[in-house]
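Before any comments, here is the structure.
The values are calculated or read from the model by the stated rules, or taken from the named source; none is laboratory data. Given the structure is predicted, the values throughout are model-derived calculations rather than measurements. Cβ coordinates were reconstructed from backbone atoms using ideal geometry, including for glycine residues, and neighbour counts include every protein chain displayed. Ligands, DNA and RNA are excluded from the accessible area calculation, which covers all protein heavy atoms including side chains. Shrake-Rupley method; radii C 1.70, N 1.55, O 1.52, S 1.80 Å.
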Amino acid sequence: MTAPKKFASQADLEDKQVSFTRLSANAYAYTAEGDPNTGIIIGDDAVMVIDTQATPAMAQDVIRRIREVTPLPIKYVVLSHYHAVRVLGASAYFKEGAEQIIASRDTYDLIVERGEQDKASEIGRFPRLFRNVESVPPGLTWPTMTFEGEMSVWLSKLEVKLKQIGRGHTKGDTIAYLEDQKICFAGDLVEYQSTAYAGDCYFRDWPTTLDRLDAFKFDKLVPGRGAALETAATTGKAIASTRAFISDVYTLVHSGVADGKNLNTIYKEAIAALRPKYGHWVIFDHCMPFDVTRAYDEATGHMHPRIWTAERDIEMWQTLEG
Ligand SMILES: [Zn+2]
């Protein structure tokens with residue numbers, strides 16, 4: 001018997017180049033060539049980080065960069081959504097003054113419902129990001145404050161708006177933005193030259209949610225993965241290309257289902273059809289099996305994403321790629 005084919009991301013072991021990009025006197029982006037990004041907002045009296053990195057050990061590098069530009073306490077941690085690869089680094093910020101971990105109520109509910117399974121599954125999927133997994137304390141990252149719809153956090157006189165603009169990457173997606181400066185931190189709702197992970201998404205809602213995001217006409221945007229976008233034109237392009245990818249995946253899968261094809265056939269056809277257009281994006285091979293499986297579920301009547309477990313990950317991977 002041959003060994004099962006590894007997850008695409010398990011073969012990805014090379015370190016990424018980190019960029020710490022200044023977007024304004026108040027906003028920075030910590031990005032790493034397609035690895036999960038962290039946003040930083042510096043107010044008059046405190047700092048907010050948006051998404052924490054996969055482990056406290058990885059968060060230490062974010063903190064090191066923040067300390068090069070401000071000594072202020074990092075009082076607020078915002079979770080754009082519940083995925084482990086962005087939230088399990090949270091404990092590192094407690095030593096830097098963190099008082100609140102803020103998330104939407106929908107994100108909180110997802111942590112209750114599937115946080116443990118997601119943690120086990122993501123640790124299995126991303127060995128490089130979780131190589132310091134022993135630095136993650138036991139248990140999950142729990143929000144200390146939740147909101148429904150929108151809220152403002154005041155860093156003295158600087159207002160940070162947190163808002164749910166619709167379901168997309170998950171049902172809990174939250175954007176954080178500085179309205180006057182037209183700067184947005186979009187989480188995984190938008191990716192730039194990186195493949196959108198859609199295993200927990202709402203395919204039929206996501207494009208409409210992106211239309212709402214586009215209507216803000218932000219000048220600068222930090223995507224979930226990929227470089228910070230420093231102009232309105234590149235921001236618009238990243239939103240449009242993410243939207244095109246999500247629509248393309250769903251259209252292909254939906255028509256395969258309508259033709260009575262099975263998941264395996266649909267997957268192979270989708271990969272062949274989409275690789276020329278998107279195959280050069282980071283984590284394309286990693287995301288496609290999850291994305292097509294979720295699209296198939298949604299097209300066959302599963303309105304809500306099914307929970308991924310470490311076991312379901314392996315079973316799916318062997319069915320489609322084994
Ligand atoms: Zn995510």
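Excluding same-chain neighbours fewer than eight residues apart, the lysines reachable from K268 by a Cα-Cα span under 20 Å are K5, K6, K277. Site pair K268 and T300 shows an inter-label distance of 1.7 nm when each label is modelled 7 Å from Cα along Cα→Cβ. Evaluated over the Cα positions of region 63-104, the convex hull gives a direction-averaged projected area, one quarter of its surface, of 3.1 nm². Computed from label points 7 Å out along Cα-Cβ, the spacing between R22 and K157 is 2.0 nm. Taken over the alpha carbons of region 83-150 as equal point scatterers, the Debye sum produces base-10 log I(q)/I(0) values at 0.14, 0.24 Å⁻¹ of -0.44, -1.13. Using a Cα-Cα cut-off of under 18 Å, which lysines could be cross-linked to K119, ignoring same-chain neighbours fewer than 8 residues away? The reachable lysines, counting only those whose Cα sits under 18 Å from K119, are K171. Taking all protein chains together and rolling a 1.4 Å probe, L210 ends up with roughly 0 Å² accessible. Expressed per residue, the C-alpha convex hull volume of region 268-318 stands at 93 Å³. Rounded to the nearest 10 degrees, the angle from helix 206-215 to the longest Cα principal axis of the chain is 40 degrees.
Report, in cubic angstrom per residue, the convex hull volume of the C-alpha atoms of the chain. Considering the Cα atoms of the chain, their hull volume per residue is 123 Å³. For the chain, calculate the relative contact order in percent as a whole number, restricting contacts to Cα pairs under 8 Å that are 6 or more residues apart. Answer for the chain is 17 percent.
Using a cut-off of 10 Å between beta-carbons, work out the net charge of the residues near F218 (Lys and Arg +1, Asp and Glu -1, F218 not included).
So the environment of F218 carries a net charge of 0.
For the listed peptides 224-237, 35-48, 280-293, a ranking on the average number of other beta carbons within 10 Å per residue, highest first, reads 35-48, 280-293, 224-237.
If I fit a long axis through the Cα atoms of helix 56-69 and take the longest principal axis of the Cα atoms of the chain, what angle between them do I get, 0 to 90°, rounded to 10? With rounding to tens, the tilt is 40 degrees. Taking the centroid of alpha carbons for each part, region 196-241 and region 242-290 are 19 Å apart.
Of the solvent-accessible surface of the chain, computed with a 1.4 Å probe over protein heavy atoms with every protein chain present, carbon and sulfur atoms account for 52 percent.
For the pairs K157/K182; K75/K95; K16/K237, flag any whose C-alpha to C-alpha distance is greater than 21 Å. Flagged as over cut-off: K16/K237. Size descriptors for region 181-322, from the alpha-carbon set: Rg then Dmax equal 15.4, 50 Å. Expressed as an acute angle from 0 to 90° and rounded to the nearest 10, what is the orientation of the C-alpha long axis of helix 284-299 relative to the principal long axis of the chain? Value to nearest ten degrees: 70. Label sites at A240 and W142, each approximated as a point 7 angstrom past Cα along Cα to Cβ, lie 4.6 nm apart.
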